[in-house]
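Take a look at the structure set out below.
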Amino acid sequence: MPISIQNPVAPGTQARGFCCRRQVSDGIVGHAPRFEETLERIHRVSTTNATVLITGETGTGKELVARAIHRRSRRSSHAMVSASLAALPKELVASELFGHEAGAFTGAAQRRIGRFEAANASTLFLDEVGELPLGVQVTLLRALQEGEFERIGSNQTKTADVRVIAATNRNLEEAIEDGLFRSDLFYRLAVFPIHLPPLRERREDIPGLADHFLAQVAVRLGRDFSGIDAESMARLIEHSWPGNIRELQNVIEHSAILSDGGILQVEPKLLSTRVIAPTVASTLSDAMDAGEKRLIEQALEETNGRVFGPTGAATRLGIPSSTLESKIRRHRINKHQYRISAA
């Protein structure tokens, strides 16, 4: 059920709804000047075999861009293989990426093919590559340079033709200075870097993104929406979006679930009350932390304190369960109180 497309309505007018035209390609929505260079770089690199490093804050759509590059490449007939390195126990990262032989270590009951080998003739997406242990970085560097690797517990060299796309929200240059990331691996990964700007730097795209997400959730819910309330859209445009596109998607879906259809209204309580000045680093950091904490608390409330599983808060937020547990501890959130409230 497509959403009707109308001309943009300026905040403060008498129009009941707000819908805008949107540019959608491979799931990527945007036409803001700040985003144009990113779109051009995606287009340029897609038809090559160059290694790509996608950088940007959490929630900016790095995996979406990786999938778009793969779909436009000559490798698109094969499924893209993904590995979220932050979600893997450090002692198992090498095995997950390069495989192991039976008996290679305790618990290795049978041979396992790693992600690198599984991605032969295709694309391997390494999400959160900044979390890669130093010991495995050497192995990955060799695999990238020579296309060669060994499964753990084997001395037989394997080869694979793999195009690697990596992503990170960390500053890898700082990680290199801290001795946490190899400079030679960084330069091998960053053959063609693509930076995704945060949503607060491409506010022109917020109406199109909101429209796009509303169209998607309308299909899932089986409801008809003719647009977004003009005042609600004004609030969306003014919001600082510490959680970026993922936060916007969450807000739209949350609002749509509470609505029976028609003109969508976004409750002010779903958004922070102040607009950040992105030039003030301390204010930005504080606001991002506050926004992240609010999103986590909201997700825990909606899932009755459940973190793990397909209906848990981690799945709702789109992050690994281990990452969410770490953030819960950092923000000193009592997840048990939401189970008590539910009871």
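The values are calculated or read from the model by the stated rules, or taken from the named source; none is laboratory data. None of these values were measured; they are calculated from a predicted model. Don't worry about glycine lacking a Cβ; one is built from the backbone with ideal geometry, like all the others, and counts go over all protein chains shown.
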_Exactly one of these conditions fails for L92: (1) of a type in the set (A, V, I, L, M, F, W, C); (2) out of contact with any Asp or Glu (no Cβ under 6 Å at 6 or more places or on another chain); (3) buried (at least 19 other Cβ atoms within 10 Å of the Cβ). Give me its number._
(3)
*Kindly establish whether L126 is in the same structural domain as S77 (by TED's automatic domain parsing), surrounded by 14 or more Cβ atoms within 10 Å (Cβ to Cβ) and not in a helix (DSSP H, G or I).*
yes
*Taking only the range 81-106 into account, find how many residues are outside any helix (DSSP H, G or I), among the hydrophobic types (A, V, I, L, M, F, W, C) and in contact with a Lys or Arg (Cβ under 6 Å, 6 or more places away or on another chain).*
3
*Residues E231, E174: which one is outside any loop (DSSP other than H, G, I, E, B) and either in the same structural domain as T47 (by TED's automatic domain parsing) or of a type in the set (F, W, Y) (or both)?*
E174
_Answer residue from the range 249-263, given it is out of contact with any helix residue (DSSP H, G or I) (no Cβ under 6 Å at 6 or more places or on another chain) and among the hydrophobic types (A, V, I, L, M, F, W, C) and is nearest to E204 (Cα to Cα) among those_ = I263
*Which of the residues that make up the range 175-210 are small (G, A, S) and surrounded by fewer than 20 Cβ atoms within 10 Å (Cβ to Cβ)?*
A175, G179, S183, A190
*the range 92-117, residues that are of a type in the set (S, T, Y) and either farther than 21 Å from V81 by Cβ or in contact with a His (Cβ under 6 Å, 6 or more places away or on another chain) (or both)*: T106
*Wholly enclosed helices (runs of 4 or more DSSP H) of the range 273-342 bearing at least 3 residues closer than 21 Å to R200 by Cβ, modelled with pLDDT under 85 and of a type in the set (D, E)*: 281-302
*Determine which member of the set S122, S95 is over 23 Å from the mean Cα position of the chain (by Cα) and of a type in the set (S, T, Y).*
S95
*Check off (1) more than 19 Å from the chain's Cα centre (by Cα); (2) not in a helix (DSSP H, G or I); (3) not small (G, A, S) for I194 and give me the number that stays unchecked.*
(1)
*Which condition breaks for F125 when tested against (1) in contact with a Leu (Cβ under 7 Å, 6 or more places away or on another chain); (2) touching a residue at least 60 places away in the same chain (Cβ under 8 Å); (3) not aliphatic (A, V, I, L, M)?*
(1)
*Starting from residues that are closer than 28 Å to D161 by Cβ and loosely packed, with under 14 Cβ neighbours inside 10 Å, keep the ones in the range 23-78 and report whichever is nearest to the chain's Cα centre (by Cα).*
G27
